[in-house]
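Colleague: Before I ask anything, let me first share the structure, which is written out below as structure tokens.
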Amino acid sequence: ARRLGSSLLNMGERGWKTPQWLALAVLTVGGLVWVGYFTHSPWMERLQPGRANANMTPATAAGFILGACGLLLAGRWRSVAMVGMVALSIAGLYGNIANTGLVIDLPSWSAWAQGDAPHPGRMSPVTALGFLFFAMAVLLLPHTRTMRRGKLVSWLTGLVVATGLTGVLGFFIRLELIFAQYELARMAFLSGLCLLLLGEGLWLQWKGLRWNRSIEGERGRRIMGAAAFTLVGVVVAAGFGSLWVLQRL
């Protein structure tokens, strides 16, 4: 805690950049959710929209606190936070695959706020995957010097954003009403939004690095990559839009 506080003060003296502000927003959300569970405050449920929306679990909130530390801290403290995030995500995936309760679920502590959730306190497997992708990208980033490894970091960042979009868009079109098994994998709207913020902050950290700068022979490839990314975005938007229309009908 002292290390995080001193890092925040140092960044405040040097001038905060967008990734740090995004990380601070995620850190605030994770902290507020933990305070809500600790105090049994009903406002915690009102922190996110929709009565039918899934609640962020304590394990998920802890994961977002660690993810924010990955953008705010540096050196070995950042590595420690990311190793903890990897362990948390693997535990979340194991709990869903083995269909067993874990200590991180804290069911007796969080059941009061989970409504009719099939497994109170269990982290969504989609959220766990997003945590794993983010932690791997942050751990690889300091050791990335070549375009080949940089592509791996960029793909992992894209997967973090994709998992966040799943939670945000899934909330608006109510995928649990269309797919019977989606209820077990559904993440909270607030979790999807925080994953989007983490992915955006991670992208802003590496987009200006040397290995990502365009060179004469790479410009055509970058144009094709941007076009492909735009095309995929249009297809995804059309798919979710179609599901939204079908759900309304």
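Quick note: the coordinates plus some simple rules give every number you see, no bench work behind them. Bear in mind that the values here come from a model prediction, so they are computed numbers and not experimental data. Please note: Cβ atoms are built from the backbone with ideal geometry, for glycine as well, and neighbour counts cover all protein chains shown.
Colleague: Using the Cβ atoms and a cut-off under 15 Å, what net charge is assigned to the surroundings of ALA98, where Lys and Arg are +1 and Asp and Glu are -1?
Modeller: 0
Colleague: Moving on to the next point. Measuring from label point to label point, each 7 Å out along Cα→Cβ, what is the SER79 to ALA98 span in nm?
Modeller: Output for this residue pair reads 2.8 nm.
Colleague: Per-residue counts of other Cβ atoms within 10 Å, averaged by peptide: what ranking do you get for 32-40, 122-130, highest first?
Modeller: 122-130, 32-40
Colleague: Once the Cβ-Cβ distance between LEU152 and LYS17 is put in as r, and R0 is 25 Å, what FRET efficiency do you end up with, to the nearest 0.05?
Modeller: The calculated FRET efficiency here is 0.55.
Colleague: Same structure, new question: For a protection proxy built on the mean count of beta-carbon atoms within 10 angstrom, sort 189-197, 140-148 highest first, please. Spell out each step's value before the answer.
Modeller: Values: 189-197: 25.3, 140-148: 12.9.
The peptides rank, most packed first, as 189-197, 140-148.
Colleague: Right, another one. First select every other residue whose beta carbon is under 14 angstrom from the beta carbon of PHE240; then total the charges, Lys and Arg +1, Asp and Glu -1.
Modeller: Values: positive: ARG174, ARG248; negative: none.
Charge balance in the 14 Å sphere: +2.
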